[in-house]
Amino acid sequence: MFVALPGGDDRATGSGDDPSADAHEVAGAVERLADLWVGAAQEATVRFSPHQLRALRALERTPEVNVTGLAERMEIGLPTASRLCDRLEAAGMLERVLHPHSRREVQLRLTGQGRRALSDVARRRTQALAGVLAAMESAERSALIRGMKAFAAAQGEASHRAPHPP
(Lines give C-alpha, C1' and ligand atoms only; values in the text may rest on other atoms or scores of the structure.)
Protein backbone atom coordinates (compact mmCIF):
# COMPACT_ATOMS: atom_id res chain seq x y z
CA MET A 1 0.00 0.00 0.00
CA PHE A 2 1.34 3.45 -0.81
CA VAL A 3 0.45 6.28 1.52
CA ALA A 4 0.92 9.93 0.66
CA LEU A 5 2.71 11.54 3.57
CA PRO A 6 2.78 15.27 4.30
CA GLY A 7 5.38 17.01 2.19
CA GLY A 8 4.74 14.76 -0.81
CA ASP A 9 6.81 11.85 0.48
CA ASP A 10 5.19 8.63 -0.83
CA ARG A 11 6.44 5.56 0.97
CA ALA A 12 5.39 1.97 0.85
CA THR A 13 3.96 0.85 4.13
CA GLY A 14 3.71 -2.78 5.10
CA SER A 15 1.38 -4.26 7.66
CA GLY A 16 4.30 -5.09 9.90
CA ASP A 17 2.43 -8.05 11.38
CA ASP A 18 0.54 -9.56 8.47
CA PRO A 19 2.75 -11.40 5.97
CA SER A 20 -0.35 -12.26 3.89
CA ALA A 21 -1.18 -8.59 3.32
CA ASP A 22 2.45 -7.86 2.56
CA ALA A 23 2.52 -10.79 0.13
CA HIS A 24 -0.36 -9.22 -1.78
CA GLU A 25 1.57 -5.96 -2.14
CA VAL A 26 4.76 -7.74 -3.19
CA ALA A 27 2.83 -9.92 -5.67
CA GLY A 28 1.64 -6.82 -7.52
CA ALA A 29 5.16 -5.43 -7.75
CA VAL A 30 6.53 -8.81 -8.88
CA GLU A 31 3.93 -8.98 -11.66
CA ARG A 32 4.99 -5.56 -12.93
CA LEU A 33 8.65 -6.58 -12.71
CA ALA A 34 7.93 -9.82 -14.56
CA ASP A 35 6.14 -7.86 -17.30
CA LEU A 36 9.16 -5.57 -17.64
CA TRP A 37 11.54 -8.58 -17.62
CA VAL A 38 9.62 -10.56 -20.25
CA GLY A 39 8.95 -7.46 -22.36
CA ALA A 40 12.63 -6.56 -22.48
CA ALA A 41 13.51 -10.12 -23.51
CA GLN A 42 10.90 -10.02 -26.29
CA GLU A 43 12.53 -6.89 -27.72
CA ALA A 44 15.81 -8.75 -28.19
CA THR A 45 17.09 -9.56 -31.65
CA VAL A 46 16.23 -13.23 -31.13
CA ARG A 47 12.99 -14.02 -29.31
CA PHE A 48 12.89 -16.93 -26.92
CA SER A 49 10.08 -18.51 -24.98
CA PRO A 50 10.61 -18.30 -21.21
CA HIS A 51 11.35 -22.05 -21.25
CA GLN A 52 14.00 -21.66 -23.96
CA LEU A 53 15.60 -18.77 -22.11
CA ARG A 54 15.72 -20.80 -18.89
CA ALA A 55 17.43 -23.63 -20.77
CA LEU A 56 20.02 -21.32 -22.28
CA ARG A 57 20.70 -19.72 -18.90
CA ALA A 58 21.09 -23.18 -17.36
CA LEU A 59 23.59 -24.10 -20.07
CA GLU A 60 25.43 -20.85 -19.48
CA ARG A 61 25.75 -21.63 -15.75
CA THR A 62 26.55 -25.32 -16.26
CA PRO A 63 28.56 -25.71 -19.44
CA GLU A 64 28.82 -29.07 -21.15
CA VAL A 65 25.94 -30.69 -19.27
CA ASN A 66 24.03 -33.50 -20.96
CA VAL A 67 20.27 -33.53 -21.69
CA THR A 68 19.54 -35.50 -18.53
CA GLY A 69 21.44 -32.97 -16.43
CA LEU A 70 19.60 -30.09 -18.10
CA ALA A 71 16.24 -31.78 -17.46
CA GLU A 72 17.16 -32.18 -13.77
CA ARG A 73 18.31 -28.56 -13.43
CA MET A 74 15.14 -27.28 -15.06
CA GLU A 75 12.95 -29.83 -13.23
CA ILE A 76 11.32 -30.99 -16.47
CA GLY A 77 10.94 -34.39 -18.08
CA LEU A 78 13.65 -35.85 -20.28
CA PRO A 79 11.46 -35.87 -23.44
CA THR A 80 10.60 -32.19 -22.90
CA ALA A 81 14.26 -31.31 -22.42
CA SER A 82 15.23 -33.25 -25.53
CA ARG A 83 12.63 -31.45 -27.69
CA LEU A 84 13.70 -28.11 -26.21
CA CYS A 85 17.32 -28.85 -27.14
CA ASP A 86 16.26 -29.92 -30.64
CA ARG A 87 14.62 -26.52 -31.21
CA LEU A 88 17.55 -24.58 -29.74
CA GLU A 89 20.02 -26.58 -31.79
CA ALA A 90 18.00 -25.99 -34.98
CA ALA A 91 18.07 -22.25 -34.18
CA GLY A 92 21.87 -22.37 -33.81
CA MET A 93 21.86 -21.57 -30.09
CA LEU A 94 23.41 -24.80 -28.84
CA GLU A 95 25.35 -27.71 -30.18
CA ARG A 96 25.60 -31.33 -29.16
CA VAL A 97 29.13 -32.72 -28.95
CA LEU A 98 30.54 -36.07 -27.90
CA HIS A 99 31.99 -36.16 -24.40
CA PRO A 100 35.80 -36.26 -24.69
CA HIS A 101 36.09 -39.28 -22.34
CA SER A 102 32.85 -41.15 -23.00
CA ARG A 103 31.66 -41.82 -26.52
CA ARG A 104 28.22 -42.75 -25.18
CA GLU A 105 27.58 -39.34 -23.63
CA VAL A 106 26.60 -36.19 -25.52
CA GLN A 107 27.23 -32.78 -24.02
CA LEU A 108 25.32 -29.59 -24.71
CA ARG A 109 27.23 -26.37 -25.38
CA LEU A 110 26.11 -22.87 -26.11
CA THR A 111 27.24 -21.62 -29.50
CA GLY A 112 28.68 -18.16 -30.05
CA GLN A 113 25.30 -17.16 -31.44
CA GLY A 114 23.62 -18.48 -28.27
CA ARG A 115 25.98 -16.50 -26.06
CA ARG A 116 25.40 -13.32 -28.09
CA ALA A 117 21.63 -13.80 -27.88
CA LEU A 118 21.80 -14.25 -24.09
CA SER A 119 23.99 -11.17 -23.82
CA ASP A 120 21.48 -9.16 -25.87
CA VAL A 121 18.61 -10.25 -23.59
CA ALA A 122 20.64 -9.42 -20.46
CA ARG A 123 21.58 -5.98 -21.83
CA ARG A 124 17.98 -5.14 -22.71
CA ARG A 125 16.71 -6.32 -19.33
CA THR A 126 19.35 -4.27 -17.53
CA GLN A 127 18.44 -1.18 -19.55
CA ALA A 128 14.73 -1.60 -18.84
CA LEU A 129 15.35 -2.12 -15.14
CA ALA A 130 17.78 0.82 -14.98
CA GLY A 131 15.10 3.04 -16.52
CA VAL A 132 12.69 2.22 -13.72
CA LEU A 133 15.35 2.49 -11.02
CA ALA A 134 16.37 5.91 -12.35
CA ALA A 135 12.88 7.15 -11.55
CA MET A 136 13.36 6.20 -7.89
CA GLU A 137 15.08 8.23 -5.21
CA SER A 138 18.51 6.97 -4.14
CA ALA A 139 17.21 6.01 -0.69
CA GLU A 140 14.35 4.04 -2.29
CA ARG A 141 16.79 2.14 -4.51
CA SER A 142 18.98 1.37 -1.50
CA ALA A 143 15.96 0.15 0.46
CA LEU A 144 14.87 -2.00 -2.49
CA ILE A 145 18.33 -3.58 -2.75
CA ARG A 146 18.41 -4.29 0.99
CA GLY A 147 14.92 -5.77 0.80
CA MET A 148 15.78 -7.95 -2.20
CA LYS A 149 18.90 -9.25 -0.47
CA ALA A 150 16.88 -10.02 2.66
CA PHE A 151 14.23 -11.76 0.54
CA ALA A 152 16.86 -13.89 -1.21
CA ALA A 153 18.42 -14.86 2.12
CA ALA A 154 15.05 -15.72 3.67
CA GLN A 155 14.01 -17.69 0.61
CA GLY A 156 17.27 -19.63 0.71
CA GLU A 157 16.77 -20.42 4.38
CA ALA A 158 13.17 -21.49 3.79
CA SER A 159 14.18 -23.84 0.97
CA HIS A 160 16.80 -25.48 3.22
CA ARG A 161 14.19 -26.02 5.95
CA ALA A 162 11.58 -27.44 3.55
CA PRO A 163 11.34 -31.22 3.62
CA HIS A 164 12.92 -32.83 0.57
CA PRO A 165 11.49 -35.99 -0.96
CA PRO A 166 13.52 -39.15 -0.25
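The values are calculated or read from the model by the stated rules, or taken from the named source; none is laboratory data. Predicted model only: the values in this text are computed from it and were never measured. Positions of Cβ are backbone-derived with ideal geometry, glycine not excepted, and every protein chain shown enters the neighbour counts. In case anyone asks, the SASA skips ligands and DNA or RNA and just uses the protein heavy atoms, side chains included. Shrake-Rupley method; radii C 1.70, N 1.55, O 1.52, S 1.80 Å.
Numbers for the structure displayed
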| item | result |
| --- | --- |
| The range 36-60 residues that are farther than 17 Å from residue 127 by Cβ, paired with ones that are open to solvent by 50 Å² or more (accessible area, probe 1.4 Å) and assigned to a helix (DSSP H, G or I) (beta carbon under 8 Å, 6 or more apart) | 50/38; 52/87; 58/73; 60/115 |
| Close pairs from the range 126-148: first open to solvent by 50 Å² or more (accessible area, probe 1.4 Å), partner of a type outside the set (Ser, Thr, Tyr) and in a loop (DSSP other than H, G, I, E, B), Cβ under 8 Å, at least 6 apart | 144/136 |
| Residue check, residue 98 surrounded by 11 or more Cβ atoms within 10 Å (Cβ to Cβ) and either of a type in the set (Gly, Ala, Ser) or touching a helix residue (DSSP H, G or I) at 6+ places or on another chain (Cβ under 8 Å) (or both) | no |
| Residue in the range 111-118 that is in a loop (DSSP other than H, G, I, E, B), surrounded by 13 or more Cβ atoms within 10 Å (Cβ to Cβ) and modelled with pLDDT of 95 or more present | yes |
| Residue 40 being on the phi < 0 side of the Ramachandran plot, modelled with pLDDT of 95 or more and open to solvent by less than 40 Å² (accessible area, probe 1.4 Å) | no |
| Meets criteria (in a helix (DSSP H, G or I) and farther than 14 Å from residue 114 by Cα) for residue 55 | no |
| Count of residues meeting criterion [more than 21 Å from residue 61 (Cβ to Cβ) and either touching a Phe, Trp or Tyr at 6+ places or on another chain (Cβ under 7 Å) or assigned to a helix (DSSP H, G or I) (or both)] in the range 87-105 | 1 |
